[in-house]
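In what follows, a single structure is set out as structure tokens and then discussed.
The values are calculated or read from the model by the stated rules, or taken from the named source; none is laboratory data. Computed from a prediction, not measured in an experiment: that's the story for all the values here. Cβ coordinates were reconstructed from backbone atoms using ideal geometry, including for glycine residues, and neighbour counts include every protein chain displayed. Remember, those area values only see protein heavy atoms, side chains included, never the ligands or the DNA or RNA. Shrake-Rupley method; radii C 1.70, N 1.55, O 1.52, S 1.80 Å.
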Amino acid sequence: MHRFANPGQFMRVADKVLPWIVALCLPLIAAGLYFGLYASPPDFQQGETVRIMYIHVPTAFLAQGAYVVMALGSASFLIWKHPLGDLIARSAAPIGCVFCIICLVTGSLWGRPTWGTYWVWDARLTSMLILLFLYFGYLALANAFDDPARGDKPAAILALVGVVNIPLIKFSVYFFNTLHQKSTLAGDLFGAVFGEPEAAVQAENLPADLAAAAAQQGGDLPPEMLLPLMLMLAGFTLAFLALLILRLRGEFASVRLRSLRAGFRAEPRGA
Amino acid sequence: MSDTAVRRRSPAAQRKRMRLILVVCGVIFLGAATALTLTALQSNVNLFFGPTEVVEGKVPAGATFRIGGLVEIGSCRIRGDGVTREFVVTDGANRVTVTYEGILPSLFRDGQGVVALGQLADAAGEFRAEEVLAKHDETYMPAEAVEAMKRAGTWQEGGGEPVAAAGAPSGANPCKG
């Protein structure tokens, strides 16, 4: 594993993989958009607005996924001093930040027609906003110094501190009463592990007519809606990897450029 | 045994080991601190109170708060003034009557989860809402499938799932309009 921590070695492999990732990612997103926007049915409650899900859910997943990548890279940089870890963290941050913004904006636009409000300060929405601020903080801190290498360590520590927010986002809808729905895809699993928050509906006490509604805990997504969501999830994940490799190239080149410049400056003049 | 193993490590490897332990412990302690804080502040982080908490008097008197639960089936009606909507929010154990002057969200229907912001109006325990939001659950279904179930009489309003031979009427909500 430590063999790939060598940035040169890693980039050689990454450059070979990149065209394949792009070649897979574009048709996946194209198919996801076709099924998501055209060839899938409207929802029985939400109508056409349900199509926002096909953008909102993948970006939410990747906003958190990119942060996990960033935290793992930062940890490997802090523990083993792998320079690659820091480069990966620096490359993942702006991509995750953009996914986070798209997630918050699409969620807000989705909230207005379904809930009746653009924004509410519930645990899920607030923790997602904190994630955005963590991205802003990381980007500011990592680039705050004239010599970027001095920002490596503080930014890595910030990335690790912020990682406690990730399970908070994921499980906020199980720990607290929120307006945001619980997970549709992993609902059965999380519901079984974490149960319901305090004030949740107690199904056993419900009259028969409402019990049918409460029996729905765990969520349901019909196959014709699951297909575009999965296509978009896979497509967006590959797009993230492609962007990550492209940004890594840039970071890698800028590090080499800096060390070359430092080398020139160190050399005696007029030789 | 373990002493000799530590002694055999190079100083660099030992420093790496120390950093690993430091980072892992740091994240664990930070996570524990966050978890404890949030558990202590649970009632502040929760967006709404359930009807049971309201009936049991867990909400400070005169406070503006949110109440959340399901709309009791058939409970919604428009009062004589033609403006005020009245419906019952229930969690199965307790019920609270909510009044609201305004247009209800389009997802509002019998059996739907709702979250309303307002105050308890009087001793009778009526909740006067300033804002009513619909709480969408994690169930999605094609509109056509629901239409088909309604035609076949196997659709139950409020439930996301067809109930065999329920034959529930699913006319227009009297509160809407």
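Each label point was placed 7 Å from the Cα along the Cα-to-Cβ direction; for B:Glu101 and A:Leu139 their separation is 4.6 nm.
Taking amide H as placed 1.01 Å from N in the peptide plane, B:Lys135 has its amide H under 5 Å from the amide H of B:Gly113, B:Val114, B:Val115, each at least 5 places away in sequence or on another chain. Interface burial in region B:40-54 reaches 30 Å² or more for B:Gln42, B:Val45, B:Asn46, B:Leu47, B:Phe48, B:Glu53, comparing the full protein assembly with the chain by itself; accessible area from heavy atoms with a 1.4 Å probe.
Please tell me the relative contact order of region B:43-95 in percent, rounded to the nearest whole number, where contacts are Cα pairs under 8 Å and at least six residues apart.
Details: 61 pairs, mean separation 19.3, N = 53.
Normalised by residue count, the contact order of region B:43-95 is 36 percent.
Of all accessible surface on region B:49-135 at a 1.4 Å probe, what whole percent is carbon and sulfur? Accessible surface attributable to carbon and sulfur in region B:49-135 totals 48 percent. For a paramagnetic label modelled at 7 Å from the Cα of A:Ala39 toward its Cβ, which residues of region A:230-264 fall within the zone defined by backbone nitrogen distances under 13 Å? Hits in region A:230-264 for A:Ala39 at 13 Å: A:231. Phi angles of region B:52-59 translate, via the Karplus equation with coefficients 6.51, -1.76, 1.60 and θ = phi - 60°, into HN-Hα couplings of 4, 5, 5, 5, 6, x, 7, 8 Hz per residue; Gly and Pro are given as x. Measuring with a 1.4 angstrom probe and ignoring ligands and nucleic acids, B:Asp122 comes out at about 80 Å² accessible.
Given R₀ = 56 Å, what would the calculated FRET efficiency be for B:Lys16 paired with A:Glu48, taking r from the Cβ atoms and rounding to 0.05? Mind showing how you got there, number by number?
Numbers: r = 55 Å, r/R0 = 0.98.
For B:Lys16 and A:Glu48, the calculated efficiency is 0.55.
For region B:2-43, the solvent-accessible area works out to 78 Å² per residue, with a probe of 1.4 Å and every protein chain left in place. Rounded to the nearest 10 square angstrom, A:Lys182 shows an accessible area of 30 square angstrom against a 1.4 Å probe.
What net charge is computed for the residues neighbouring A:Pro94, neighbours being all others with C-beta under 13 Å from the C-beta of A:Pro94, Lys and Arg scored +1, Asp and Glu -1? Value of the local net charge: +1. Label zone (B:Thr154, point 7 Å along Cα-to-C-beta; backbone nitrogen cut-off 18 Å) within region A:37-54: A:44. Across region A:141-147, coupling constants 3J(HN,Hα) worked out from phi with the 6.51/-1.76/1.60 Karplus curve, θ = phi - 60°, read 5, 5, 10, 7, 10, 4, 9 Hz, and Gly and Pro carry x. In this structure, A:Ile130 and A:Leu260 have a Cβ-Cβ separation that, at R0 = 35 Å, corresponds to a calculated FRET efficiency of about 0.35. Normalised by residue count, region B:49-135 yields a Cα convex hull volume of 85 Å³ per residue.
The A:Leu26 and B:Glu86 beta-carbon pair, evaluated with R₀ = 56 Å, returns a calculated FRET efficiency of approximately 0.55. Roughly how much of B:Glu144 is accessible, in Å² to the nearest 10, using a 1.4 Å probe? Number for this one is 140 Å². Taking each residue as 0.36 nm, the span from B:Arg77 to B:Val24 lengthens on full extension beyond its C-alpha to C-alpha distance by 13.3 nm. The modelled label-to-label distance between A:Arg249 and A:Leu226, using points 7 Å beyond Cα along the C-beta direction, is 3.8 nm.
Per-residue mean of foreign Cβ neighbours for B:100-106 is 2 (Cβ atoms of other chains, 10 Å radius). What the phi angles of region A:229-242 give under the Karplus curve with 6.51, -1.76 and 1.60, with θ = phi - 60°, is a coupling list of 5, 5, 4, 5, 4, 5, x, 5, 5, 5, 4, 4, 4, 4 Hz, glycine and proline written as x.
Chain B packed on chain A takes about 4700 Å² of accessible surface away from a 1.4 Å probe, both sides summed. Extending 7 Å from the Cα toward the beta-carbon at both A:Trp119 and B:Gln119 defines two label points whose distance is 2.6 nm.
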